[in-house]
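Q: One structure, pasted below without further comment.
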């Protein structure tokens, strides 16, 4: 009876729910006129400010690309604002349901996804390390590289006394080479693995920009000069020498073997011409095996034993055949 | 001479020598150390003296359509290759065997087949995974060391250190790769020609053995690591075939292991189906393309198709595909994601689409035509190089030296490109990272990263590098160098595939073409270097291997962009048709070069006028339903035939010698086809005895292996069921010992013969027989007359057996080939080459009843043996294959006296 009553109540509730034409999973309060609470509005405001700040920073750092290096102080604020709304942990507010459960498109999530995509493209995490309080800071190697790079640029643009130089480019190269070499050393320290970069895109681009600048002033520019071209021919010459030597030897050996074979045949009495002897030799067909030395040795021993025992392998019939053939030849 | 102990097909052999046959002049000259032509022909006067019409007045004229090929390298059929017995023998005993098998039930056979296919798919995938991992890890270590030295390099002079290390690596691995071929010579090359021959009925010795598999896998790993321009995809296909051939039989002859499983599959036709499945699995594992695997097996391999077999292809390919993906994802720590493809990963083309054909299609068409030409040139040049290699590089140390030379040249080529291009290092070459140029060191180049990786990774760089990564000159140099090096490398004595180097070469040419277009048409946004590289790779591969259908599937599946399919087909069609105008595919060219009697898909054109009597083999050897064991043994001992028609015995009162034995030279394995002809004197003598129309009424066919098995198991009652316990390595008859008493035991052969064997009428022509032979993949087709008699004709006008009706074999048909470029394509009849027996064997063979040159050879062998025994001469030189070819002038201008191959 009790079970029947419970089923009846459930049926009535379900019918009532469906009759209202609404989603029964959603609390009643949500179906009232939506109004965002002040607290959540403030959190949204914080998130929007952080996002716009870092977006502006990254866009302004596009050229030269220093998105990670310039904007890393803003990252922690943004992440904190986002975590407050939707993240887990003690800082989480109750705004997640209020802000995210009503709409099909969540601009907040999409904007944050855009930000994370920017970070992924720039690979900022490879230049930064996280502190204890959630803030970011540059890695030591990156800091050193930036310092040396800044020193090099300062040398190129400010410190070089251009009015004193007769040949500006050459003098500048000599003047700033210590800074440039130092910058290169630190760059190579950071970029260790060429297959999988160990640093962020900013560093790569900064190193490239420095390199372009260095070459722009005519320092260490790679030009295919006649000397370089002649040196580049060394591998080709070595290859050619090796190839010609090898195939020349092969040809010489073949001719020598041919001559020796002809001489041997002449010595033995040529009974058949050696036309096309080796034309069809193909050792990779699987048809021929290299001689089994053990079997050959065994066979030689057997033949020797048989010979020692005085046995004649050719029977009488074979001997008579040979005689017949020989006679036939003589008759002819 | 005890004639009761030796099968002697010539009842008048002794009289031939005594009557001084015309051939005796040659024999005498040979004995007297007088140099004579091996193509000795009796003079017309000699013929006239015997009452025969001179050959010059022969009725038959040279065939105006079919051209006789001279015997030279690359234009012959090697008689040493045997065929496989794909025809099912429905003898009485086999039917009994089948009844026993059927008691297990059809379901059990079906389950066994499915299980065997599953094992093949899984093991092929495991092999592919192991090979891929080994190559990836070793390459990472090798190139990592080289890169680390190269990054510290600030001038081109210091490049000597990393390049020396690179060279040392390459040479070490090249030696290993060569050693694998030294250990197992069949493991040379890609293995696809061998598998293709196997599936089409030609037995390539040791092609599907365990040692071949091991040598292939280790060898291709070492070849790739040696820096040679080779790929592992072709060898992977061969490996799949070997795995299928081994594990589908439930036994291993190499390991001396026999299991009770899969016992019913120990037949050639069953094994062929499994090998085809293994081929499909190999393609699938190599390219990650199950559809391509099925199409490859259909296009290149399977000669006998039916729906059930197609399903097995699909099942094996699918299983191999899934296991490969699962294994790779598990190994790389992402189980269940199915991210990885096969050994060759083209990388993702993202959202790339081709929406219109316009100028872009025209450019792809031009590229395909150009690369088709290059493909044809590749085949032609590679054949020439292979011929030179076989002629001059006859010792193993020289062959090894050539491998080392190529490997060293690859390093020097890379060094040259790097020093010339002088661009920049490229970081992040992997497609999973970003490809960017980073000018960290002025003398380390953009091309370096392309070269400092495996060919597969290099291909991915060419396909996916951003526009501008590769400048015009370096990429052009790379294309030309890679083309030349691939040309030089293929057919080197190392396991190597040609898929990847062709793809890389084509991709480099495609990219070069794109860079050129960008330079001259900078405003055309449809010029995408990556797409050009892809279509260039496809066109080059199509021009070299000409497998348009399966390659379309393979590349579409490997690239993962289905919308490229139609344009890929377009590119393949153009490159294939352009290349086909000049020559055949690389694989077919090498098959022809090896003298393998592989039948093409269709009979040679314009051969309708060729009667089957001109094609068939002669003389045929026959057996009777009742024979003594000694006669059977002597028959097997006297020839190398593999098929023996069973004919009725002679009627009572009929002279056996006149009725059943033709007056032709006995078949010995050292007779060339031109020698296997009757001497006119003997023919005239035989003809004088009256008509000898036939061997007897045809009853069926017996195989040599069956006769040997009967002798081995001493089956004299005709009631014992024989199982294929010795398959696939049947013993030789010489391993069977017969006592004197057993020699007189009578054997009943009728229960073991194949009564339903295909026969052909003597009035059939070549295309008809070719079509039947090719469709059913037969090994022998006896030729019978209208009375179902295996007969022969004798032309009394010319005293030549120009029409000996006997048996048609694969080699008889494979001699007829269509070849040459399209503007002078014609049908050729190529000669058959047979190796002489070694002198030690030839010295012991009888001298009577043999052809002239065989006689001379044996006399020489005996003299050699005698000299050795007497200590007057040093060790005999190794046997050398010698060819005897009658010159056209001496052959009577093609008067129809050309003898056909003997070995059946």
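Q: For residue B:700, work out the one condition from (1) modelled with pLDDT of 85 or more; (2) touching a helix residue (DSSP H, G or I) at 6+ places or on another chain (Cβ under 7 Å); (3) over 30 Å from residue B:251 (Cα atoms) it doesn't fulfil.
A: The single condition residue B:700 does not satisfy is (2).
Q: Separate question: Within region A:21-31, is even one residue at pLDDT 60 or above and surrounded by 11 or more Cβ atoms within 10 Å (Cβ to Cβ)? I'd like the intermediate steps shown before the answer.
A: Within region A:21-31, the first condition is being at pLDDT 60 or above, and the residues that meet it are none.
Looking for residues that are at pLDDT 60 or above and surrounded by 11 or more Cβ atoms within 10 Å (Cβ to Cβ), one finds none in region A:21-31, hence no.
Q: So, one more: Restricting attention to region A:242-254, does a residue exist that is within 33 Å of the chain's Cα centre (by Cα), part of a helix (DSSP H, G or I) and at the interface with chain B (Cβ under 7 Å from one of its Cβ atoms)?
A: The initial filter retains those residues of region A:242-254 that are within 33 Å of the chain's Cα centre (by Cα), namely none.
Checked against the condition, which is being within 33 Å of the chain's Cα centre (by Cα), part of a helix (DSSP H, G or I) and at the interface with chain B (Cβ under 7 Å from one of its Cβ atoms), region A:242-254 yields no hits at all.
Q: In addition: Looking at B:226, B:222, B:172, which one is more than 14 Å from chain A (Cβ to nearest Cβ), modelled with pLDDT of 95 or more and surrounded by 23 or more Cβ atoms within 10 Å (Cβ to Cβ)?
A: Of B:226, B:222, B:172, the one residue that is more than 14 Å from chain A (Cβ to nearest Cβ), modelled with pLDDT of 95 or more and surrounded by 23 or more Cβ atoms within 10 Å (Cβ to Cβ) is B:222.
Q: Can you confirm whether residue B:359 is buried (at least 22 other Cβ atoms within 10 Å of the Cβ), over 29 Å from the mean Cα position of the chain (by Cα) and either in the same structural domain as residue B:580 (by TED's automatic domain parsing) or part of a helix (DSSP H, G or I) (or both)? Give the steps one after another, and end with the answer.
A: Numbers: buried (at least 22 other Cβ atoms within 10 Å of the Cβ): no; over 29 Å from the mean Cα position of the chain (by Cα): yes; either in the same structural domain as residue B:580 (by TED's automatic domain parsing) or part of a helix (DSSP H, G or I) (or both): yes.
Criteria not met by residue B:359.
Q: May I pose another question? Is it fair to say residue A:284 is closer than 30 Å to residue B:594 by Cβ, facing another protein chain (nearest Cβ under 7 Å), modelled with pLDDT of 70 or more and within 48 Å of the chain's Cα centre (by Cα)? If you could, list the steps in order and put the result at the bottom.
A: Details: closer than 30 Å to residue B:594 by Cβ: yes; facing another protein chain (nearest Cβ under 7 Å): yes; modelled with pLDDT of 70 or more: no; within 48 Å of the chain's Cα centre (by Cα): yes.
No; evaluated as a whole, the condition is false for this residue.
Q: In region B:113-134, is there at least one residue being in contact (Cβ under 8 Å) with a residue 40 or more places away in the chain, within 31 Å of the chain's Cα centre (by Cα), away from chain A (no Cβ under 14 Å) and not in a helix (DSSP H, G or I)? Spell out the reasoning first.
A: The first filter runs over region B:113-134 and keeps only residues in contact (Cβ under 8 Å) with a residue 40 or more places away in the chain, leaving B:113-114, B:116-134.
If we keep only those that are within 31 Å of the chain's Cα centre (by Cα) too, we end up with B:113-114, B:116-134.
Remaining after also requiring away from chain A (no Cβ under 14 Å): B:113-114, B:116-134.
In the following step, the residues that additionally are not in a helix (DSSP H, G or I) were identified as none.
The answer is no; no qualifying residue exists.
Q: Could you pull out the residue among B:405, B:415, B:398 that is under 20 Å from residue A:228 (Cβ atoms), within 8 Å of chain A (Cβ to nearest Cβ) and either modelled with pLDDT of 75 or more or assigned to a helix (DSSP H, G or I) (or both)? Spell out how you get there, then give the answer.
A: Values: B:405 fails: under 20 Å from residue A:228 (Cβ atoms); B:398 fails: under 20 Å from residue A:228 (Cβ atoms).
Step by step, each of B:405, B:415, B:398 is checked, and only B:415 is under 20 Å from residue A:228 (Cβ atoms), within 8 Å of chain A (Cβ to nearest Cβ) and either modelled with pLDDT of 75 or more or assigned to a helix (DSSP H, G or I) (or both).
Q: Out of region B:196-218, which residues are more than 12 Å from chain A (Cβ to nearest Cβ) and in a helix (DSSP H, G or I)?
A: So the first thing to find is which residues in region B:196-218 are more than 12 Å from chain A (Cβ to nearest Cβ), and the list is B:196, B:199-201, B:210, B:213-214, B:216-218.
Selection gives B:196, B:199, B:210, B:213, B:214, B:216, B:217, B:218.
Q: Does region B:435-455 contain at least one residue that is assigned to a strand (DSSP E or B) and either more than 7 Å from chain A (Cβ to nearest Cβ) or at pLDDT 85 or above (or both)? Full working, then the answer.
A: Going residue by residue through region B:435-455, those that are assigned to a strand (DSSP E or B) are B:436-438.
When the remaining residues are screened for being either more than 7 Å from chain A (Cβ to nearest Cβ) or at pLDDT 85 or above (or both), the result is B:437.
Yes.
Q: If you go through region B:707-718 one residue at a time, do you hit one that is modelled with pLDDT of 85 or more and part of a strand (DSSP E or B)?
A: No, region B:707-718 contains no residue that is modelled with pLDDT of 85 or more and part of a strand (DSSP E or B).
Q: Then there's this: Residues that are outside the structural domain of residue B:279 (by TED's automatic domain parsing) and within 30 Å of residue B:225 (Cα to Cα), at least 2 per element: which helices (runs of 4 or more DSSP H) completely within region B:496-597 meet that?
A: Working: elements: B:499-520, B:529-545, B:548-559, B:565-580, B:586-593.
Fully inside region B:496-597 and qualifying: B:499-520, B:529-545, B:548-559, B:586-593.
Q: Have a look at B:649, B:619, B:604, B:645 and point out the one that is at pLDDT below 90, surrounded by fewer than 19 Cβ atoms within 10 Å (Cβ to Cβ) and not in a helix (DSSP H, G or I). Show your work before the answer.
A: On the way: B:619 fails: surrounded by fewer than 19 Cβ atoms within 10 Å (Cβ to Cβ); B:604 fails: surrounded by fewer than 19 Cβ atoms within 10 Å (Cβ to Cβ); B:645 fails: surrounded by fewer than 19 Cβ atoms within 10 Å (Cβ to Cβ).
Within the list B:649, B:619, B:604, B:645, the selection yields B:649.
Q: Looking at the structure I just gave you, is residue B:547 under 26 Å from residue A:243 (Cβ atoms) and modelled with pLDDT under 90? Before you say what the answer is, go through the steps one by one.
A: Values: under 26 Å from residue A:243 (Cβ atoms): no; modelled with pLDDT under 90: yes.
Judged against the criteria, residue B:547 is not a match.
Q: In region B:247-292, what count of residues is obtained for those that are surrounded by 24 or more Cβ atoms within 10 Å (Cβ to Cβ) and in contact with a strand residue (DSSP E or B) (Cβ under 7 Å, 6 or more places away or on another chain)?
A: Going through region B:247-292 one residue at a time, the tally reaches 0.
Q: Taking residue A:59, is it assigned to a helix (DSSP H, G or I), modelled with pLDDT of 70 or more, crowded, with 17+ Cβ neighbours inside 10 Å and under 40 Å from the mean Cα position of the chain (by Cα)? Let's see the steps before the verdict.
A: Details: assigned to a helix (DSSP H, G or I): yes; modelled with pLDDT of 70 or more: yes; crowded, with 17+ Cβ neighbours inside 10 Å: no; under 40 Å from the mean Cα position of the chain (by Cα): yes.
So residue A:59 does not fit the description; no.
The values are calculated or read from the model by the stated rules, or taken from the named source; none is laboratory data. Please read these numbers as outputs of a predicted model, since none were measured by experiment. Using ideal geometry, Cβ is built from the backbone for each residue, glycine included, and neighbour counts are taken over all protein chains shown.
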